[in-house]
Amino acid sequence: MTDKKTTGCPVMTTTAGAPITDNQNSLTAGARGPILMQDYQLIEKLAHQNRERIPERVVHAKGWGALGTFTVTHDISKYTRAKLFSEVGKKTDIIARFSTVAGELGAADAERDVRGFSVKFYTEEGNWDMVGNNTPVFFIRDPQKFPDFIHTQKRHPRTHLRSGTAMWDYWSQSPEALHQITILMSDRGIPPSPRFMNGYGSHTFSFINADNERFWVKFHFKTRQGHKFLTNAESNKVIGESRETYQEDLFGAIEGGDFPLWDLKVQIMPEEDAEKTPYNPFDLTKVWPHADYPLIDVGVMELNRNPDNYFAEIEQAAFSPSNIVPGIGFSPDKVLQARIFSYADAHRYRLGTHYEALPVNAPKCPVHHYHKDGPMRFFANNPNPDAYYEPNSFNGPAQAPEYAEPPLKISGDADRYNHRDGNDDYTQAGDLFRLFDDAQKERLFANIAAAMGGVPDFIVQKQLAHFSAADPAYGAGVAKALGVDIAVQAAE
Ligand code: HEM
């Protein structure tokens with residue numbers, strides 16, 4: 001139905017395209033009712049409303065996003081054959097979504113939490129999703145620990161409140177979390193808006209070049225807006241005035257033509273170095289020292305368009321670490337391996353079977369697969385409808401072995417290896433602590449003490465031992481801020 005009414009507005013229709021004659025008055029038997037069952041327009045309206053909500057993301061539910069462009073500024077083609085990096089000046093469309101981890105969809109923006117930093121690059125060889133955080137490390141190094149960790153961040157089953165006791169009980173028994181806790185409780189824990197924070201791929205990924213050589217790589221997005229932070233007191237004040245400060249800031253800046261920029265840089269490690277570093281380069285709780293693996297410039301990301309429909313473009317966006325493109329690959333990082341499964345599984349549940357065909361997720365390159373039916377099957381057949389299985393004799397899409405990665409050498413017996421064995425959980429956390437100036441340290445101590453309010457003493461003591469193992473001054477500073485003595489001298 002495309003006819004115009006005399007007013008010039010398009011004619012309002014049902015979802016099946018039939019004109020709606022009256023959108024204000026239900027169809028009734030007599031002026032007082034009751035309503036007739038045949039008022040299918042009313043039923044359609046109410047039924048659609050009942051289906052307006054989809055499950056929120058199980059983590060990272062509250063988010064803010066925008067669209068933009070990635071432009072290559074430096075040649076890294078000796079490391080990767082990924083087409084998006086093939087020449088200086090090349091531009092790729094992107095969509096970015098930032099988020100907090102623990103809060104629900106209606107959570108206040110300026111709460112202390114890790115921030116998600118997701119970017120979907122619509123490349124000519126498929127979508128590459130960089131699903132990172134504003135921190136270069138994470139709380140765990142074995143994915144077995146993820147669901148329990150998230151349960152400690154969400155609500156207690158009985159009180160339905162968030163529980164500091166659960167958080168610190170878990171962390172105090174997971175010393176590998178110390179590095180990330182130190183970042184979370186530092187000034188980096190509350191950026192005033194996504195514009196003022198970095199993004200990190202966090203995991204080690206791989207690059208494959210045209211000669212089929214593999215390099216290990218870490219991705220860094222450095223904000224050009226500069227780092228800013230809110231103290232606990234400032235964030236309380238901000239939240240008291242508005243719970244939506246990130247949306248206001250990001251949307252407002254882009255709407256006003258002040259487009260935020262991030263420089264993409266990489267750290268590159270030759271494949272064979274992974275055997276030699278004193279730390280496991282696939283351990284997500286560790287950074288690679290910049291002195292050994294300096295940052296290499298790649299390009300710039302600009303966000304320059306607000307979505308026209310938040311739900312369609314941001315809520316329905318599906319970012320997954322499994323979305324890689326030729327020239328970019330995975331690494332043995334165990335947490336990354338689990339995420340390769342987890343996200344697409346979440347999307348099939350949260351959005352539906354054919355979520356990749358939704359406009360925001362659909363690649364901007366040809367897509368040819370043999371997946372068939374299921375909810376939301378709204379994309380066209382392959383051009384030849386006889387080629388609906390594979391292999392076939394009807395010129396259907398065929399595999400392309402020329403894109404294969406070089407084999408990855410794997411060794412060792414299959415077993416459940418203790419991920420704590422041989423891993424140093426304290427040195428890098430202590431190094432970070434020692435980088436802070438006195439004022440930063442004082443804020444760190446105060447933030448931790450505030451987060452530990454009400455936590456039982458035996459848990460506090462266990463955690464103090466970890467802080468002290470990273471640096472005695474770290475443990476002493478937190479103990480003083482808490483007004484307690486350190487009872488246990490060595491971390492368990
Ligand atoms: C969202 C699982 C670790 C960053 C999600 C979602 C799941 C998930 C199921 C919701 C996806 C959706 O509904 O769209 C996991 C598991 C992990 C893990 C199982 C570890 C075993 C991490 C790590 C990072 C990260 C290490 C960052 C380095 C994110 C981000 C989002 C997210 C940024 C939001 C994506 C968006 O903007 O839509 N995660 N996660 N996660 N996760 Fe993870």
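Sequentially through region 409-425, phi angles give Karplus couplings (6.51, -1.76, 1.60; θ = phi - 60°) of 6, 10, 9, x, 7, 5, 6, 9, 7, 5, 6, 7, 4, x, 9, 9, 8 Hz, Gly and Pro residues having no value and appearing as x. Annotation: aspartates and glutamates with alpha-carbon distance below 15 angstrom to Lys45 (same-chain offsets under eight excluded): Asp22.
FRET efficiency for the pair Ile43 and Ile296, taken as 1/(1 + (r/R0)^6) with r the Cβ-Cβ distance and R0 = 56 Å, rounds to 0.40. By the beta-carbon count within 10 Å of each Cβ, the least crowded to most crowded order of Val59, Val325, fewest first, is Val59, Val325.
As a proxy for reagent exposure, Lys83, Lys45, Lys364 were ordered by neighbouring Cβ count within 10 angstrom, fewest first; the result is Lys364, Lys45, Lys83. The modelled label-to-label distance for the pair Asp485/Leu27, using points 7 Å beyond Cα in the direction of Cβ, is 8.2 nm.
Here the relative contact order of the chain, from alpha carbon pairs under 8 Å that lie six or more residues apart, stands at 17 percent.
So if we plug the beta-carbon distance of Asp93 and Gln461 into 1/(1 + (r/R0)^6) with R0 = 45 Å, what FRET efficiency do we get, rounded to 0.05? Don't jump to the answer; show the numbers that get you there.
Working: r = 52 Å, r/R0 = 1.16.
Here the calculated transfer efficiency is 0.30.
A simple spin-label model places the labels of Arg162 and Asp386 6.1 nm from each other, with each point 7 Å out along Cα-to-Cβ.
Stretching Ala476 away from Asp438 to a fully extended chain increases their span by 12.3 nm, per 0.36 nm per residue minus the current alpha-carbon distance. Computed extension length for Arg51-Asp148: 31.9 nm, one decimal, from 0.36 nm per residue of separation with the Cα-Cα distance subtracted.
Amide H to amide H distances under 5 Å link Ile328 with Ile208, where only residues 5 or more positions off or on other chains count and H is placed in the peptide plane. Between rounded, prolate and oblate, where does region 208-249 land on the alpha carbon gyration tensor, with a ≥ b ≥ c its root eigenvalues, rounded for a/c under 1.5, else prolate if a/b exceeds b/c? Verdict is prolate for region 208-249.
Loop-resident GluC sites (Glu not before Pro) (DSSP state other than H, G, I, E or B) in region 61-117 with no more than 11 further Cβ atoms inside 10 Å of their Cβ: Glu87. Listed by chain and number, the lysines whose C-alpha is less than 20 Å from the C-alpha of Lys222, apart from same-chain residues fewer than 8 away, are Lys90, Lys91, Lys120, Lys265, Lys286.
The stretch between Ala414 and Glu402 holds 1.3 nm of extra length on full extension. This uses 0.36 nm per residue minus the Cα-Cα distance.
With contacts defined as alpha carbon pairs under 8 Å and 6 or more residues apart, what's the relative contact order of region 130-277 in percent?
Details: 190 pairs, mean separation 35.9, N = 148.
Taking the mean separation of contacting Cα pairs over the length of region 130-277, I get 24 percent.
Secondary-structure-derived ellipticity at 222 nm for the chain, considering helices only, amounts to -7500 deg cm²/dmol, per-run term -39500 (n - 2.57) for DSSP H runs with n ≥ 4.
Is any residue of region 286-316 close enough, with backbone N under 19 Å, to a label point placed 7 angstrom from the Cα of Asp431 along the Cα-Cβ axis, and if so, which? The answer is 286-296.
Take the Cα of Glu248, step 7 Å toward its Cβ, do the same at Ala338, and the gap between the two points is 3.8 nm.
Between Ile35 and Ser393, what is the FRET efficiency for a Förster distance of 45 Å, r being their Cβ-Cβ separation, to the nearest 0.05? With R0 = 45 Å, the Cβ-Cβ based efficiency is 0.20. Say a paramagnetic label sat at a point 7 Å from the Cα of Ala450, along Cα to Cβ; which residues of region 202-244 have their backbone N under 20 Å from it? So the set is 227-244. How many angstrom lie between the Cα centre of region 314-381 and the Cα centre of region 397-428? Measuring centre to centre over Cα atoms gives 22 Å. For the chain, the square roots of the Cα gyration tensor eigenvalues, ordered a ≥ b ≥ c, give a/c of at least 1.5 with a/b no greater than b/c, which places it in the oblate category.
Each reported figure results from applying straightforward, stated rules to the coordinates on display, with no laboratory input. This is a predicted model, so every value here is computed, not measured. No Cβ is skipped: glycine too gets one built from the backbone with ideal geometry, and neighbour counts run over all protein chains shown.
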